[in-house]
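Engineer: Input: one structure, supplied below.
All of the numbers you see were taken from the coordinates with simple rules; none came from a lab. No experiment lies behind these values; they were computed from the predicted model shown. Positions of Cβ are backbone-derived with ideal geometry, glycine not excepted, and every protein chain shown enters the neighbour counts.
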Amino acid sequence: MALKERNNQAFGFLYDHYAGALYSIIKQIIIDNNELASDVLQEVFINIWRKIETYDQSKGRLFTWMLNIARNASIDTLRSKSYQNSQKNQELPDNVYKGVANQTTQQNVDNIGLKKVLETLKPEHRVLVEMAYFKGYTHEEMAEMMGIPLGTVKTRIRNALLQLRQYLK
Amino acid sequence: MNIKDYIESGIIESYVMGLASESEKAEFERYCDQYPELVEARRKFEEKLEAYAAQNAVPPPPEVKVKVLEAVGMEPRIAAPSTPPKIINMENQTDRRSSGVPKFLAAASIVLLIVMAYLYFQTRQENNDLSSANDRLRDKVNETDSIMKKIVGEQNAIRDSNTLVVNMVGTKVAPKSSANVYWDSASAKVYLVVKNMPQLPSDQQYQLWALIDGKPKDLGVFDATDNKVILQMKNTQKAQAFAITIEKKGGSPSPTLEKMQSLGKTMVTQ
């Protein structure tokens, strides 16, 4: 594969082909901060360049691999101290559930990409997917924060994701 | 495990979107090795997700690409930094470069491929021909070998000191009939050499008999046209005389003596 040999032209093509889709995901996680989202996109592509040897075709498509790099990088940024400090005026951590729920309703106006799909879900499902996919909370964290059993969290997320598949058809 | 239920459980979506736990991931990858339908379902979801993401793409600021290419050690072509035709520049370059030597190499490799295919088929054809010729030759050798062995065996039997030669002379019914019987009294084997026996209608055959104490014993049938050198007949331990009669095709249980063609006495008898 040309990419694994770090072919410059192939990498340029890769950027042109996928940057928009990945930028969209990054922006859905790092909201209302285009400058930071651009920095994350840059970091993501540098990481793709460095880690391309570790991409394993048998585990999924190249885009899936890149999408997960973009999502993880975005969530790491979201959870970093510097970002948290800049967002101090936001809700306190013990109020995250409410906070996320509020954010979700607030952002309906300019929803893009996958978040548009979430619109079709029931609120209790939507919040969980939002928290898991766009905020990076683990199932355990969500169960604890919301005071619902871990099994229920898992079931609801699975159901929500299945509905997502239907919608994407 | 029911793989259909597993596919419909939402695990595919969890895995692809990075929401599965480490143990779920490991399990999913293990099942992927076992169930091609799981891999197929995963691929479908991935394609949908990719198509959806592409539809909802948001163009990033152009300077990001410049920074990325600089960071990975490439010289980004800065034609007009705020417009994206950089892409076109690079693709054009690709096209121009591929028009010279690579095209020649592509053409050469196709020619080489055709030549090799031709040589391959030709060699295979020759090989097939040689192989079948070899088979035919081997069959011929085997056939000749078995005939030779048979002849040598018969010759040995005839030359054996125990073998008695009985000259069969024609009777009044058929004065010209003549044949020789070779009887090996030790092994009880009986051979017959037809010298001159008239042709018979197709529903009749000659039958050889051994006469023991006046009673005939069937030694088998033969045709006048039998082109074998020596016929091996049925064995007999005793015989005072041999007789040949004409019988219906396949032989009779007892000889039709009025049609006796020839008779020969062994020297053992009086």
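Engineer: Which one of B:121, B:28, B:222 has the biggest mean-square fluctuation once chain B is modelled by GNM with Cα springs under 10 Å?
Structural biologist: The residue that fluctuates most here is B:28.
Engineer: Just to be sure I understand the model, the point goes 7 Å from the Cα along the line to the Cβ. What's the resulting residue B:195 to residue A:83 distance in nm?
Structural biologist: Taking the simple label geometry, residue B:195 and residue A:83 are separated by 12.1 nm.
Engineer: Okay, moving on. Could you tell me whether the stretch B:110-159 comes out rounded, prolate or oblate from its Cα gyration tensor? Rule is a ≥ b ≥ c as square roots of the eigenvalues, rounded for a/c under 1.5, then prolate if a/b exceeds b/c, otherwise oblate.
Structural biologist: Taking the square roots of the gyration eigenvalues as a ≥ b ≥ c, the stretch B:110-159 is prolate.
Engineer: Give me the aspartates and glutamates in straight-line cross-link reach of residue B:67: C-alpha distance below 18 Å, same-chain residues under 8 apart excluded.
Structural biologist: Excluding near neighbours in sequence, the set is A:16, A:35, A:39, A:43, B:75.
Engineer: Let me check against my output: what whole-number percent is the relative contact order of the stretch B:163-265, with C-alpha pairs under 8 Å and at least 6 apart?
Structural biologist: Normalised by residue count, the contact order of the stretch B:163-265 is 31 percent.
Engineer: Is the C-alpha gyration tensor of the stretch B:139-212 telling us rounded, prolate or oblate? Criteria: a/c under 1.5 is rounded; beyond that, a/b larger than b/c is prolate, otherwise oblate.
Structural biologist: It is oblate, given that a/c is not under 1.5 and a/b is not larger than b/c.
Engineer: Can you give the relative contact order of the stretch B:1-63 as a percent, counting alpha carbon pairs under 8 Å and 6+ residues apart?
Structural biologist: This gives 34 percent for the stretch B:1-63.
Engineer: Another question about this same structure. Across the residues of A:64-70, average count of Cβ atoms on other protein chains within 10 Å?
Structural biologist: Mean number of neighbouring Cβ atoms from other chains: 4.
Engineer: A further question follows. With axes computed from alpha carbons, what is the tilt in degrees of helix B:101-159 against the longest principal axis of chain B, rounded to the nearest 10 within 0 to 90?
Structural biologist: 20 degrees
Engineer: Between residue B:132 and residue B:248, what is the label-point separation in nm under the 7 Å Cα-to-beta-carbon projection?
Structural biologist: 4.8 nm
Engineer: Let me ask something else. Shape verdict for the stretch B:163-265, please, from the Cα gyration tensor: rounded (a/c under 1.5), prolate (a/b greater than b/c) or oblate.
Structural biologist: Judged from the Cα gyration tensor, the stretch B:163-265 comes out rounded (a/c under 1.5).
Engineer: Please compute the contact order of the stretch A:3-85 in relative form: average sequence separation of alpha-carbon pairs under 8 Å and at least six residues apart, divided by the residue count, as a percent.
Structural biologist: Dividing the mean separation by the residue count of the stretch A:3-85 yields 35 percent.
Engineer: Okay, next question. Using label points projected 7 Å from each Cα along Cα→Cβ, tell me how many nm separate residue B:169 and residue B:212, to one decimal.
Structural biologist: In this crude spin-label approximation the distance works out to 2.7 nm.
Engineer: Could I ask something else about it? Where does helix B:36-55 land angle-wise versus the long Cα axis of chain B, in degrees 0 to 90, nearest 10?
Structural biologist: Once rounded, the angle reads 30 degrees.
Engineer: Scan chain B and hand back the longest stretch that contains none of the trypsin sites (Lys or Arg not before Pro) lying in DSSP loops with at most 11 other Cβ atoms within 10 Å.
Structural biologist: In short, B:1-171.
Engineer: Counting other beta carbons within 10 Å of each Cβ, put B:169, B:194 in order, fewest first.
Structural biologist: If I rank by nearby Cβ atoms, fewest first, I get B:169, B:194.
Engineer: Once you've got the Cα coordinates, tell me which of A:135/B:4; B:176/B:215; B:195/B:217; B:150/B:189; B:215/B:265; B:4/B:44 are over 19 Å apart.
Structural biologist: Long pairs (Cα-Cα over 19 Å): A:135/B:4; B:176/B:215; B:195/B:217.
Engineer: What are the ³J(HN,Hα) couplings of the stretch A:15-32, residue after residue, when phi is run through the Karplus curve with 6.51, -1.76, 1.60 and θ = phi - 60°? Round to Hz, x for glycine and proline.
Structural biologist: Those phi angles translate into 4, 4, 7, 10, 4, x, 5, 6, 4, 4, 5, 4, 5, 6, 9, 9, 8, 6 Hz.
Engineer: Residue B:124 to residue B:1: extension gain in nm, 0.36 nm per residue of separation minus the Cα-Cα distance?
Structural biologist: So the chain would gain 39.3 nm between residue B:124 and residue B:1.
Engineer: Convert 4 °C to kelvin, take the viscosity as 1.567 mPa s, use the Kirkwood radius over C-alpha pairs of chain B as Rh, and evaluate the Stokes-Einstein diffusion coefficient in µm²/s, rounded to a whole number.
Structural biologist: 44 µm²/s
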